[in-house]
Amino acid sequence: MTQSAPAPRAYVVVSPCRNEAQYMRRTLDSMVAQTERPAKWVIVDDGSTDATPDILAEYAARHDWISVVQKPDRGHRAVGPGVIEAFYAGLETVSLDDYAYLCKLDLDLDLPPRYFEILMDRMEANPRIGTCSGKAYMRVEDGRLVSEEISNEFSLGMTKFFSVACFRQIGGFVHEVMWDAIDCHTARMKGWTPVSWDDPELRFEHLRPMGSSQKSIFTGRRRHGFGQYYMGTDPLFLIASAINKSRQRPYVLGGLAILQGYFGAMLRGAARHDDPELTAFIRAYQRRALVQGKTRAVAAIEAERAPAWSPAG
C-alpha cells in the first residue's frame, strides 16, 4: 500500500522540558494563539519536580493536539545530550511520514502569533531552506528587549524548525553539546540553506538567558567553548568568536569562559565529533568567514553547494 503524502503544512513540535513552571504558560499560550497550530505537539517532561506535570496535564486536557510523555527524574536539569535524549523520546511517539515539518521547541519562549505561519511561507518560497527560525531577545533589568545576537547562518537551538526531508538527510541531531550548530553545518554541506531572520514578526522573547540553564552563565559559556572544540572549530575562529562574545554580558568574562572551555578540552585531549568531511567543511567556512565576513562566505558556499541539494527525504 502506497504511503500517502503528508499535508503540505502539517508540522509536529517536540519539546523536552524539566521544571519549567516559571515560564511554560507563556510558551503554551503563545502556541495556542498561533495562526497555524501544529498538527501534533509532543511535550516530554524530563522528570520535573515542580508544577510542570500539573500544568501540562491542564493544557493537554484542553487541546487534543497536545500530548505528554513522562520520563523519570534524572536528578538534575539536562543540557546537550540529555536534551536530545528527551527530544528523541518524544519523536519516537510519532511518525515523521505524517508531517512535512518538524520543530524542536523549548518551553521558555514567548512566540509571536504568526511565527510558524511565516516560517512555512518562507520555506515554501525557497525550498532549499532546510532549517530556520526567528531571533531570540531577552529582557534586561530596565525592561528593554535585547537581541541574543545569534548569527543569521544558523537556526536557533531553542526553536529549530526543519523540513522533514532535511532533518532525515542530515541524520537528525547528534547527542552532544554542539548539536544545534552541527545540524546547520551538515545541512549546508548537503546543499540546504539554514537561516534565521531578525524580522519584527519573527522575534521572540527568550525567558531564560541562553547558556544560563545550568549552574551559571559562566558554566554555559565554558560548555559552549567545549562544544566548539567537540565540533572541530578552527582555533583562530574560536578566538575571534570569544572576543565578539566579550561585548555581551557578562562582559569580557563570558568570552574568557568560552576560551577556557575550548582550550581546556584541547589540553585534556577530549574526544571530538568523528566526521572528517564535516570538520574540513566547517573549518573551510570559518577561515573563509575570517577573511570575507560571514555573509559573503555563506553566500559563496551555498552557491557552490547547490548541486548537492536534493529535496527528497
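A short reminder: the numbers here are calculations on the coordinates, not readings from a lab. Because the structure is predicted, anything quoted here is derived from the model rather than measured. Cβ: placed from backbone, ideal geometry, glycine included. Neighbour counts: every protein chain shown.
Largest GNM mean-square fluctuation across G269, G225, G130, computed for the chain with C-alpha springs under 10 Å, falls on G269. 3J(HN,Hα) along the stretch 291-308, derived from phi through the Karplus expression 6.51 cos²θ - 1.76 cosθ + 1.60 where θ = phi - 60°, amounts to 8, 9, x, 4, 4, 5, 5, 5, 4, 5, 5, 5, 5, 5, 8, 3, x, 7 Hz, with x in place of Gly and Pro.
Dimensions of the stretch 1-151 along the principal axes, based on C-alpha atoms and rounded to the nearest Å, stand at 46, 40, 31, largest first. Annotation: amide H of V69 within the under-5 Å range of I43, V44, D45, sequence separation 5 or more or interchain, hydrogens built in the peptide plane. For the chain, the residue among V42, L28, S133 whose Cα projects farthest onto the positive side of the dipole built from Cβ charges is S133. Here Rg and Dmax of the Cα atoms in Å was computed from the coordinates, and among (i) 39.4, 141; (ii) 19.0, 60; (iii) 21.2, 67 the match is (ii). Here the calculated FRET efficiency for A61 and R9, from their Cβ-Cβ distance with R0 = 22 Å, stands at 0.25, rounded to the nearest 0.05.
Loop-resident trypsin sites (Lys or Arg not before Pro) (DSSP state other than H, G, I, E or B) in the stretch 107-149 with no more than 15 further Cβ atoms inside 10 Å of their Cβ: R114, R144. Using the Karplus relation 6.51 cos²θ - 1.76 cosθ + 1.60 with θ = phi - 60°, the per-residue 3J(HN,Hα) values for the stretch 162-174 come to 10, 6, 4, 4, 5, 4, 5, 5, 7, x, x, 9, 7 Hz, with x marking Gly and Pro. The GluC sites (Glu not before Pro) of the stretch 147-212 meeting both criteria, a DSSP state outside H, G, I, E and B (loop) and at most 15 other C-beta atoms within 10 angstrom of the site's C-beta, are E148, E149.
Placing +1 on each Lys and Arg Cβ and -1 on each Asp and Glu Cβ, with no other charges, gives the stretch 67-128 a dipole about its Cα centre of roughly 200 debye. Taking the helices alone, the chain has a mean residue ellipticity at 222 nm of -12500 deg cm²/dmol, built from -39,500 (n - 2.57) per DSSP H run of at least 4 residues and averaged over all its residues. Sorted ascending by nearby beta carbons within 10 Å, beginning with the fewest, Y99, Y251 become Y251, Y99. Residue exposure proxy: S241, S246, ordered by other Cβ atoms within 10 angstrom of their Cβ from fewest to most, comes out as S246, S241.
Here C166, C17 are placed in order of increasing Cβ neighbour count within 10 Å, fewest first, which gives C17, C166.
Figure the gain on full extension for D110 and R26 (residue separation times 0.36 nm, minus the Cα-Cα span) and round it to one decimal in nm.
Working: separation 84, 0.36 × 84 = 30.24 nm, distance 0.57 nm.
Contour length minus Cα-Cα distance gives 29.7 nm.
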